[in-house]
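Peer 1: Below is one structure. I have some questions about it.
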Amino acid sequence: MLVNCDALSCATGSSYVRARECAGCHVLKGPNCCVEGAITDYFQMDQFEKMFSNRDSLEPYGFGTTYINRKFTGTKEVAAFLAHVATKTSCEYNVTTKEPSASSLCHYKKTNSNSYYCDEQYKNTYPCTSGIAYYSRGALPFYWNYNYGEAGKELDVDLLNHPEYIEQNATLAFQVAIWRWMMPIKEHQPSAHEVIIDYWKPNKNDTLGKRVSGFGATMNILYGDLVCDQGDNESMNNIIAHYLYYLDLMGVNQEETGPNEVLSCAKQVVFNPSSSSSP
């Protein structure tokens, strides 16, 4: 089951994050494949309160609701999150010819992968289940047994033995995506949330590696050297285009996004090279 291909609205404050669900585009025929249904049918109030108890905090803990230095940054964070979701779940239309909201939220898992993404370093804490592949599923890049184990523990779902649950439940897919967004993948590294709200402060090594807070760093965290430290490339530019598109829809001028080195990760040394266990 997929999230609706044409409607996703995020509310801040005490309101709920709402969306519609979409039965697979590969199953239903015709251009309008989406069906009605609210996430709140599955997402109960007590679950929402537990997961997002700090959403109104003035500290940098509320997804999409953060204030820093009296400047509201929640809009930028929601736009950034949606840009990555739209790119990850793209129906492969070009963003310059099709609106991202109409061309995304279709694909929910990585295809044609021969890797099981099983890191044996975690065999005691998050042992891989025989025959199970921990490739990316859901709305954001999400790989490796330790990520499935950690997210499953936080969400109280057995994702280590049943990663397919993410493919089958739209609400869970977005819960996992928000977990991925909010949580640093490794110790002493920032989360996508922290870099987009400019809470993360680069150290000397980060500065030498041209890593700065901003949208470019979210790509670094989520995609590593699949997108970043590769110079100017189509994949990176496509993600940036989605981000600018959503910002425009939400009334934020491009001038407010910052200089190119903040938007881009073309010259950023990656946090997690693909030669190691990466996100």
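Peer 1: Among N145, N169, which is over 30 Å from G251 (Cβ atoms), of a type outside the set (D, E), at pLDDT 90 or above and touching an Asp or Glu at 6+ places or on another chain (Cβ under 9 Å)?
Peer 2: Numbers: N169 fails: touching an Asp or Glu at 6+ places or on another chain (Cβ under 9 Å).
Within the list N145, N169, the selection yields N145.
Peer 1: For the stretch 118-131, enumerate the residues that are of a type outside the set (A, V, I, L, M, F, W, C) and in a loop (DSSP other than H, G, I, E, B). Give the derivation first.
Peer 2: Filtering the stretch 118-131 down to residues of a type outside the set (A, V, I, L, M, F, W, C) leaves 119-127, 129-131.
Within the stretch 118-131, D119, K123, N124, T125, Y126, P127, T129, S130, G131 qualify.
Peer 1: Right, another one. Against the definition (outside any loop (DSSP other than H, G, I, E, B), more than 14 Å from the chain's Cα centre (by Cα) and either of a type in the set (A, V, I, L, M, F, W, C) or crowded, with 22+ Cβ neighbours inside 10 Å (or both)), how does Y134 come out, yes or no? Spell out the reasoning first.
Peer 2: Details: outside any loop (DSSP other than H, G, I, E, B): no; more than 14 Å from the chain's Cα centre (by Cα): yes; either of a type in the set (A, V, I, L, M, F, W, C) or crowded, with 22+ Cβ neighbours inside 10 Å (or both): yes.
Here the answer is no, as Y134 does not meet what is asked.
Peer 1: Just to be sure before I move on: is S235 closer than 30 Å to A151 by Cα and open to solvent by 60 Å² or more (accessible area, probe 1.4 Å) in the structure I sent?
Peer 2: Values: closer than 30 Å to A151 by Cα: yes; open to solvent by 60 Å² or more (accessible area, probe 1.4 Å): yes.
Answer is yes for this residue.
Peer 1: In the list N272, N253, which residue meets the criterion of being open to solvent by 20 Å² or more (accessible area, probe 1.4 Å) and among the polar types (S, T, N, Q)? Outline the logic, then answer.
Peer 2: Details: N272 fails: open to solvent by 20 Å² or more (accessible area, probe 1.4 Å).
Matching residue, one of N272, N253: N253.
Peer 1: Pick out, from the stretch 143-250, the helices (runs of 4 or more DSSP H) lying fully within it that include 2 or more residues that are under 24 Å from G64 (Cβ atoms).
Peer 2: Details: elements: 145-155, 165-168, 170-182, 192-196, 204-208, 215-223, 234-249.
Helices (runs of 4 or more DSSP H) meeting the threshold: 145-155, 170-182, 192-196, 215-223, 234-249.
The values are calculated or read from the model by the stated rules, or taken from the named source; none is laboratory data. Please read all numbers here as calculations on a predicted model, not as lab measurements. Note that we place each Cβ from the backbone using ideal geometry, even for glycine, and neighbour counts take in every protein chain shown. Accessible surface areas use protein heavy atoms only, side chains included; no ligands, DNA or RNA. Shrake-Rupley method; radii C 1.70, N 1.55, O 1.52, S 1.80 Å.
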